[in-house]
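Inspection log for the structure reproduced underneath, given as structure tokens.
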Amino acid sequence: MVNLDSPLTNEKVWKILNQIPDPDIPVVSIVELGIVRNVENNDAEKWIVTITPSYSGCPAMAVFREDIKTVLLESGAKEVELKISYSPAWTTDWLSETTREKMRKHGIAPPETNSSQSVELFADSKRKITCPHCGKNETHRTSQFGSTPCKALWYCDSCHQPFEYFKCY
Amino acid sequence: MNTKEALYNFCLRLADNNIVLGQRLAEWCSRGPILEEDLAMTNISLDLFGEAESLYEYAVSLMDNNSTADHLAFLRSEREYFNNLLVEQPNGDFAQTMMKQVLFSAFAKHLYEALCNSHDETLKGLSAKALKETKYHLRHSSEWIIRFGNGTEESIRRTQFALNKLWRFTDDMFVMNDVDEELISMGISFNLDDIHAKWKFTISEIFAEANLQIPDANNVITGGSKGFHTEHLGHLLCEMQYLQRVHPGATW
Ligand SMILES: [Zn+2]
């Protein structure tokens, strides 16, 4: 936990934000996802956090907008301002290998391609995603859309388990 | 018309396309042919609502008139909506819904691709994001159209019927007016004739895979971007705007 007695520093704010989970993938934080783009304070009292939306209509955005304000105010910030930035657009390329491994352990297959080579028409229908349960790649897509905007539904023909694939974006 | 007014109007046109098509897709909720498709159509709907919201918010920020994104969505009448006629057409059967989706997503893809080079930074950022989502929408609907076109006699009949029925609304997406003229001159938007050519190429490729015949253009109608609509938009807005009309300012 973060020591609340000493004043907030930039580094400490990042650490605090790194404890906010993504509501859809609780093992990964909003910092690890790359949602938080910048943290600054214009004077000692007010912290300005710049975030970028993952998916346009992602309902989770509303949740962590509130979460960011709440945790920073609880940690001693007098005022918190949220700024939204659209450029550069959020991409799954920003996910680190550590974050991808966390997803895998949670049963979600992380994105396997680079965003620049994603979703060309007719392109990857033959593509196989590695099963996060057994590590084999005899898998097939059940649906391009799943329980949340970021995930597709896949099925493993080797261990016969369904799994979710975090779409390349 | 000055640049700001043109940009405002253009953002409404884009946002209105998204919200109207999003509302149509949401009508499928709990009625999808299979569970996965029910999820897919509502997922796409959610993307479209999200894109609309960001565009409305940007539009509001351009004008100092105390308007809000909700106000734009829920308190304008059909004559103040600038969406294209295609997206407001009723869902029909699943083949018609997917056909509408292909025709629109291919247009949106090429338009957003162009707008990624806009001189307006916000529009550029919003388009880069929407483009990623639109590519998934296009792939989804084109896979269905190709499957139907190579399927049974019944699926081929319904899919060709859908194309014949919706074709006359497609020209409307490429009609330009003084809004486009102003934005093109400022490097904010682009010539829709160029988008039309790219769109034609993409959908021809899909329809060739699906063995579908592009019909002759008969009874073409346009007018969406000027606020002239088919009878269907009013009914759609009645349902979508009901709550805000009956309980003005309601929040939850
Ligand atoms: Zn497996």
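Every read-out reported here was derived from the displayed coordinates using simple, explicitly stated rules and does not represent laboratory data. Fair warning: this is a prediction, and the values are worked out from it, not measured in the lab. All Cβ positions, glycine included, derive from the backbone under ideal geometry; neighbour counts span all protein chains shown.
Restricting the calculation to alpha carbons of chain A gives Rg and Dmax of 18.1, 57 angstrom.
Structural size metrics of the protein assembly as shown, computed from C-alpha coordinates, are Rg and Dmax of 22.5, 75 Å. Shown here: the stretch B:143-252, whose C-alpha atoms stretch 50, 40, 30 Å along the first, second and third principal axes, sorted largest to smallest.
In chain A, a dipole from Cβ-located charges (positive for Lys and Arg, negative for Asp and Glu) runs towards its positive end, and of A:109, A:142, A:13 it is A:142 whose Cα lies farthest in that direction. Projecting the Cα atoms of A:50, B:185, B:224 onto the dipole axis of the protein assembly as shown, where Lys and Arg carry +1 and Asp and Glu carry -1 at the beta carbon, places A:50 farthest toward the positive end. With both labels modelled 7 Å from their Cα along Cα-to-Cβ, the residue B:34 to residue A:98 distance reads 4.1 nm. Neighbour counts of other Cβ atoms within 10 Å put B:229, B:235 in the fewest-to-most order B:235, B:229. Please work out the Cα center distance from the stretch B:116-130 to the stretch B:201-247, rounded to the nearest Å. Here the two parts' Cα centres lie 25 Å apart.
Approximating the spin labels as points 7 Å out from Cα along Cα→Cβ, the residue A:157-to-residue A:113 distance works out to 1.9 nm. Along its three principal directions, the equivalent ellipsoid of the stretch B:59-192 from the Cα gyration tensor extends over semi-axes of 31, 18, 14 Å, largest first. This ranking places A:159, A:150 by how few other beta-carbon atoms lie within 10 Å of each, fewest first, which gives A:159, A:150. Once the Cβ-Cβ distance of residue B:198 and residue B:157 is raised to the sixth power relative to R0 = 35 Å, the FRET efficiency obtained is 0.75. Here the stretch A:93-166 is treated as a Stokes sphere of Kirkwood radius computed over C-alpha pairs; at 10 °C and 1.306 mPa s its diffusion coefficient rounds to 126 µm²/s. Its Cα gyration tensor gives the stretch B:3-246 an equivalent ellipsoid. The semi-axes, each the square root of 5 times an eigenvalue, are 28, 21, 16 Å from largest down. Once backbone amide H atoms are built at 1.01 Å from N, residue A:37 has A:50, A:51, A:52 as its partners under 5 Å, excluding neighbours fewer than 5 places away on the same chain. Among B:14, B:233, sorting on how many other beta-carbon atoms sit within 10 Å of each Cβ, with the fewest leading, yields B:233, B:14.
Charge tally around residue B:236: other residues with Cβ under 13 Å, Lys/Arg +1 each, Asp/Glu -1 each, net -4.
Applying a threshold of 31 Å to the alpha-carbon distances of B:4/B:109; A:83/B:226; A:12/A:102; A:12/A:128; A:105/B:109; A:151/B:100 flags A:83/B:226; A:12/A:128; A:105/B:109 as lying beyond it.
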